[in-house]
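Visitor: Here it is: the structure, laid out below.
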Amino acid sequence: MTTTAITASGLRKAFGDKVVLDGIDLEVGQGTVFSLLGPNGAGKTTTVNVLTTLMTADSGTATVAGHDVTTGTKAVRAAIGVTGQFAAVDELLTGQENLQLMADLKGLSSSDSKRIIADLLERFDLTESAQKQASTYSGGMRRKLDLAMTLVGSPKIIFLDEPTTGLDPRSRRTMWEIVRGLVADGVTIFLTTQYLEEADQLADRIAVLDHGRLVAQGTPEELKRQLPGSHVRLRFADVTAFEAAALALPDATRNDEDLVLRVPGDGGAKSVRALLNELDDKSIDVEEFSVHTPDLDDVFLALTGRTSTEAAK
């Protein structure tokens with residue numbers, strides 16, 4: 001059974017007359033990646049600020065690592081790490097000195113500091129650059145150093161606020177692998193991102209926030225299946241099987257040239273299994289099948305009225 005790492009119930013926050021959070025309910029399982037998506041101004045950063053004790057909600061409750069964010073502030077901060085949108089490294093210090101600074105702030109002993117820093121430099125492929133000033137690092141290296149600094153205290157939960165913004169595709173994928181490695185070690189990741197592909201690749205569950213309200217929650221596949229347009233593509237080896245299937249599936253769209261039928265459905269395993277069983281019962285052989293669903297950009301557009309590109313502006 002998955003233990004809950006983060007919970008929020010009825011979180012509300014307003015700045016003057018502007019309501020930024022309007023009753024947010026969240027539940028994040030331990031050792032999972034939870035991604036919060038939404039247009040600029042939707043309330044993502046405010047949500048993170050409340051959960052990381054940087055801001056107090058006007059009403060509602062939230063717990064992080066089992067501690068109330070209002071009454072157990074110190075315990076929450078001891079359990080979490082936060083990596084902001086921009087790398088918070090000291091460019092005048094070397095990579096190793098940045099990590100040593102964090103170890104000193106955490107009050108680690110000299111022996112523990114030495115061991116942890118060496119492990120992190122190796123884990124993030126920064127050993128060869130450890131003695132170079134951070135000002136000489138590439139954007140991807142700075143992001144890796146920033147995340148390594150967050151891990152000095154071995155946090156149980158890490159909040160990543162748009163961690164790959166501005167990175168090239170190769171550096172972005174490197175960060176994805178690092179995140180997957182952290183989750184494999186039992187760390188919980190709370191991720192905000194503008195990249196829907198990133199959420200699709202990493203997140204176990206996604207919540208879409210718009211105008212301070214959660215408009216949808218679920219796994220990436222569950223969110224995609226909410227939209228019309230899902231279908232199963234069936235390809236047949238010969239005309240006889242194709243015609244028999246078309247007769248058995250009157251709602252299917254035909255492609256006579258390629259011997260392909262498109263059968264509308266939710267794309268779920270249960271419905272696909274039922275479809276294939278129906279054809280099997282009629283002794284109709286399917287050469288190839290695949291499930292096609294709308295992507296997360298389609299979901300984002302349907303829920304917020306904007307594409308992810310428009311939302312990022």
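The values are calculated or read from the model by the stated rules, or taken from the named source; none is laboratory data. The shown structure was predicted, so the numbers you read here are calculated from the model rather than taken from an experiment. Ideal geometry is used to build each Cβ from the backbone, glycine not excepted, and the neighbour counts take in all protein chains shown.
Visitor: Restricting the search to the range 1-40, which residues are at pLDDT below 95, surrounded by 15 or more Cβ atoms within 10 Å (Cβ to Cβ) and not in a strand (DSSP E or B)?
Guide: Across the range 1-40, the qualifying residues are Gly38, Pro39.
Visitor: With Glu197, Glu162 as the choices, which residue is in contact with a Ser or Thr (Cβ under 6 Å, 6 or more places away or on another chain) and modelled with pLDDT under 90?
Guide: Every option except Glu162 fails the conditions.
Visitor: If you don't mind, another one. One residue is enough: does the range 164-177 have a residue meeting the conditions touching a strand residue (DSSP E or B) at 6+ places or on another chain (Cβ under 8 Å) and part of a loop (DSSP other than H, G, I, E, B)?
Guide: The answer is no; no qualifying residue exists.
Visitor: I've got another one for you. Could you list, in sequence order, all residues of the range 56-77 that are more than 14 Å from Ala5 (Cα to Cα), out of contact with any Ser or Thr (no Cβ under 9 Å at 6 or more places or on another chain) and not charged (D, E, K, R)?
Guide: Ser59, Thr71
Visitor: Can you tell me which of (1) among the hydrophobic types (A, V, I, L, M, F, W, C); (2) out of contact with any Gly (no Cβ under 8 Å at 6 or more places or on another chain); (3) within 28 Å of Leu51 (Cα to Cα) is the one Phe159 doesn't meet?
Guide: Answer for Phe159: the failing condition is (2).
Visitor: Let me ask another. Filter the range 130-163 down to residues that are touching a helix residue (DSSP H, G or I) at 6+ places or on another chain (Cβ under 8 Å) and within 13 Å of Glu97 (Cα to Cα) and give me whichever is surrounded by the fewest Cβ atoms within 10 Å (Cβ to Cβ).
Guide: Per the criteria, the residue is Gln131.
Visitor: Considering only residues that are outside any helix (DSSP H, G or I) and of a type in the set (A, V, I, L, M), look in the range 271-313 and name the one that is modelled with the lowest pLDDT.
Guide: Applying the filter and picking the extreme gives Ala312.
Visitor: Quick one: which residue in Leu227, Leu259, Leu214 is crowded, with 18+ Cβ neighbours inside 10 Å and in contact with a helix residue (DSSP H, G or I) (Cβ under 9 Å, 6 or more places away or on another chain)?
Guide: Leu259 is the lone residue from the list that is crowded, with 18+ Cβ neighbours inside 10 Å and in contact with a helix residue (DSSP H, G or I) (Cβ under 9 Å, 6 or more places away or on another chain).
Visitor: Shifting gears a bit: I'd like to know if the range 196-209 contains one or more residues that are in contact with an Asp or Glu (Cβ under 7 Å, 6 or more places away or on another chain) and either within 24 Å of Phe300 (Cβ to Cβ) or not in a helix (DSSP H, G or I) (or both).
Guide: yes
Visitor: Tally up the residues in the range 93-110 that are under 17 Å from Tyr137 (Cβ atoms) and either in a helix (DSSP H, G or I) or modelled with pLDDT under 95 (or both), please.
Guide: 8
Visitor: Let me ask something else. If I ask for residues that are in contact with a strand residue (DSSP E or B) (Cβ under 6 Å, 6 or more places away or on another chain) and either over 14 Å from Lys156 (Cα atoms) or without any contact (Cβ under 8 Å) to a residue 40 or more places away in the chain (or both), which ones from the range 15-33 would you list?
Guide: The answer is Val20, Leu21, Asp22, Gly23, Ile24, Asp25, Leu26, Glu27.
Visitor: Checking the condition assigned by TED's automatic domain parsing to the domain that holds Lys144, within 25 Å of Asp204 (Cα to Cα) and hydroxyl-bearing (Ser, Thr, Tyr), which residue from Thr56, Thr71, Thr61 passes?
Guide: Within the list Thr56, Thr71, Thr61, the selection yields Thr61.
Visitor: Is it the case that the range 181-193 has a residue that's modelled with pLDDT of 90 or more, over 25 Å from Val76 (Cβ atoms), assigned to a helix (DSSP H, G or I) and not hydroxyl-bearing (Ser, Thr, Tyr)?
Guide: No; the residues of the range 181-193 include none that is modelled with pLDDT of 90 or more, over 25 Å from Val76 (Cβ atoms), assigned to a helix (DSSP H, G or I) and not hydroxyl-bearing (Ser, Thr, Tyr).
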